[in-house]
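First comes the structure, then the notes that go with it.
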Amino acid sequence: MPAVYLRTAMLMSTCVTIQVVGRGADRQHAAERRENVERAFRWFRRVEECCTRFDARSELMQLTTRIGVPVPVSALLYEAVQFAVRVAEESEGAFDPTIGHSMETRGFNREYRTGQVVQTDLADRTVSDPPGAVSYRDVRLDPARKTITLGRPLVLDLGAVAKGLAIDLAARELSPLENYAIDAGGDLYVAGCNLDGAPWSIGIRHPRRDGHLIDSLRVSNLAVCTSGDYERRSSGDGAHHMLDPRTGAAADAVASTTVVAPTAMVADALATAAFVLGPTAGMQLLERQGVDGLMVSPTLERYSTRDMGSCGA
């Protein structure tokens, strides 16, 4: 009879749960499983330490103090920033990692563990810049030297990339276990089969009815990530955190966007980009990238790619 091994921790401002389905009686297998899971959780800690904008000591925030000079960075940070810039280019700025200043000024600047408000000096220097004045075009990457140059004072926010990256790195550690699920605040990667020996059943949250699902799907060896306007609200004006970097305002054409992709970093970033773009341009982006998605408007109209259109509640 298969057994379930379950562990949960608060990391990256959310609840991270790892569930492994496997043999329960084999002590050696159980010890190996625990070690794989522990290594998986370490990746969340490592990515958070490297990529958070809520700690002045993080590698990301140290980068923001050095303007106009090429800064050698770790492979982890370089990968996250490089991918974020690539998605920004693909979405024509609807997704933009330089949105950190706008997030701070809108009140999304509280460290989840301590509750401390974070306000960077660099953000103060750019307070007079209009929306869109600072963009991903101000981030220059040197792939040969693995350096990043910030062309002007700005605050990078890798929130829509870093969690997905951590999930993918954790999944790599868990791959020998075959059957597992990683849930980081609703962003998931699932592999193999569930306890019943079937593909994992993933519920998609209803954006307007708390505690209800708007749809569900069966997947295996894929990531499922959702961006919604219900997740976080500003302590200032109460607006949600899904900002359009091009205008500085909260994007309002979509209530939620779910993306299914081979990796969580891809699914997480494209869900954010498509949410900001809205139904028409957002679906076009997902189709160009070859991933599946479901978008729900504030009036509960549904837009989906071909494969997502057949999922059932």
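Each residue in the stretch 247-290 was checked for being over 16 Å from the mean Cα position of the chain (by Cα), closer than 24 Å to I167 by Cβ and assigned to a loop (DSSP other than H, G, I, E, B), and 4 of them qualify. Quick one: would you say F83 is open to solvent by 10 Å² or more (accessible area, probe 1.4 Å) and outside any helix (DSSP H, G or I)? No, not satisfied. Would you tally the residues in the stretch 252-290 being without any contact (Cβ under 8 Å) to a residue 40 or more places away in the chain and open to solvent by 10 Å² or more (accessible area, probe 1.4 Å)? The total comes to 6.
Restricting attention to the stretch 171-200 and to residues that are among the aromatic types (F, W, Y) and in contact (Cβ under 8 Å) with a residue 24 or more places away in the chain, the residue that is surrounded by the fewest Cβ atoms within 10 Å (Cβ to Cβ) turns out to be Y189. Would you check if there is a residue in the stretch 212-230 being outside any strand (DSSP E or B), touching a residue at least 12 places away in the same chain (Cβ under 8 Å), charged (D, E, K, R) and buried (at least 16 other Cβ atoms within 10 Å of the Cβ)? Yes, the stretch 212-230 contains a residue that is outside any strand (DSSP E or B), touching a residue at least 12 places away in the same chain (Cβ under 8 Å), charged (D, E, K, R) and buried (at least 16 other Cβ atoms within 10 Å of the Cβ). Among the residues making up the stretch 201-211, those that are open to solvent by 50 Å² or more (accessible area, probe 1.4 Å) and free of Cβ contacts under 8 Å to residues at least 24 places away in the same chain are S201, R209, D210, G211.
Looking at the stretch 149-170, which of its residues are within 16 Å of V224 (Cβ to Cβ) and open to solvent by 10 Å² or more (accessible area, probe 1.4 Å)? Result: A160, K163, D168.
Among residues of the stretch 132-153 that are more than 11 Å from P72 (Cα to Cα) and in a strand (DSSP E or B), those with a beta-carbon under 7 Å from a residue that is of a type in the set (A, V, I, L, M) and open to solvent by 50 Å² or more (accessible area, probe 1.4 Å) at least six positions away or on a different chain give the pairs L150/I67. Within the stretch 12-32, the residues that satisfy the criterion of being at pLDDT 90 or above, surrounded by 15 or more Cβ atoms within 10 Å (Cβ to Cβ) and out of contact with any Asp or Glu (no Cβ under 6 Å at 6 or more places or on another chain) are T14, V16, I18, Q19, V20, V21. When E35 is tested against (1) modelled with pLDDT of 85 or more; (2) open to solvent by less than 50 Å² (accessible area, probe 1.4 Å); (3) more than 30 Å from E104 (Cα to Cα), exactly one condition is not met: (2).
The values are calculated or read from the model by the stated rules, or taken from the named source; none is laboratory data. Just so it is clear, the structure is predicted and the values come from calculations on it, not from any experiment. Note that each Cβ is placed from the backbone with ideal geometry, even for glycine, and that neighbours are counted across all protein chains shown. In case anyone asks, the SASA skips ligands and DNA or RNA and just uses the protein heavy atoms, side chains included. Shrake-Rupley method; radii C 1.70, N 1.55, O 1.52, S 1.80 Å.
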